[in-house]
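I have placed the structure first, in the form of structure tokens, so that the comments after it can refer back to it.
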Amino acid sequence: MPLPEEQLIKAAAEARENAIAPYSKFRVGAALESVSGTVFRGCNVENASFGLTMCAERVAIFKALSEGANEFSALAVIADTDRLTPPCGACRQVIWEFCGDIPVTMANLQGKSRTVMMSEILPNAFDGSFLE
Ligand code: THU
């Protein structure tokens, strides 16, 4: 049974507390649920060499993969913005690669949320099928 959406959002909000964002001050949390029900959390981790920054979504995905999880059912992303923060372009490509067409819930700290499918926010995606 997949977790209720509110619980995945709560896990993302908790992960956001650990965000390391001294440069942008833009704190992001993510929570990725595997098909077996494990939730992997991530936060953004910035670096003084800005390009080395890692987004919350990719931290959650790489944590999960490194722990042996490789099938996922849902992702939640939270930031403190009125306009709900979507995954950046780089993250969309990585989410597509490892999670496929999963639902992505975007949420803010005011309790607003919206769920979209990956195929809506990354239409006509490039992936490994082109390399066959
Ligand atoms: N960020 C994320 O963690 N996820 C997103 O989807 C958007 C951007 C982070 C990266 C950087 O630490 C900060 O937000 C500002 O771009």
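Read-outs throughout are calculated quantities, based only on the coordinates presented, and are distinct from any laboratory measurement. Just so it is clear, the structure is predicted and the values come from calculations on it, not from any experiment. Glycine gets a Cβ as well: all are built from the backbone with ideal geometry, and neighbour counts include every protein chain shown.
Could you list Leu122, Leu131 so that the one with the fewest beta carbons within 10 Å of its beta carbon is first and the one with the most is last?
Leu131, Leu122
What FRET efficiency would be calculated for the residue pair Glu14, Asp127, taking the C-beta separation as r and a Förster radius of 30 Å, to the nearest 0.05?
0.45
Please name which of Ser49, Cys88, Leu109 has its Cα lying farthest along the dipole of the range 5-123 towards the positive end, using unit charges on Cβ (Lys, Arg +1; Asp, Glu -1) and the Cα centre as origin.
Farthest towards the positive end: Ser49.
Let's see if you can work this out: charge +1 on each Lys and Arg Cβ, -1 on each Asp and Glu Cβ, no other charges. What is the dipole magnitude of the chain about its Cα centre, in debye to the nearest 20?
Charge dipole of the chain: 460 debye, to the nearest 20.
Just report the Cα centroid separation between the range 10-47 and the range 61-78, whole Å.
12
Among the lysines, which fall within straight-line cross-link reach of Lys112, defined as a Cα-Cα distance under 23 Å, with same-chain neighbours fewer than 8 residues apart omitted?
Filter leaves Lys10, Lys25.
Collect residues whose amide H, placed 1.01 Å from N in the peptide plane, falls under 5 Å from the amide H of Cys88; neighbours closer than 5 in sequence don't count.
none
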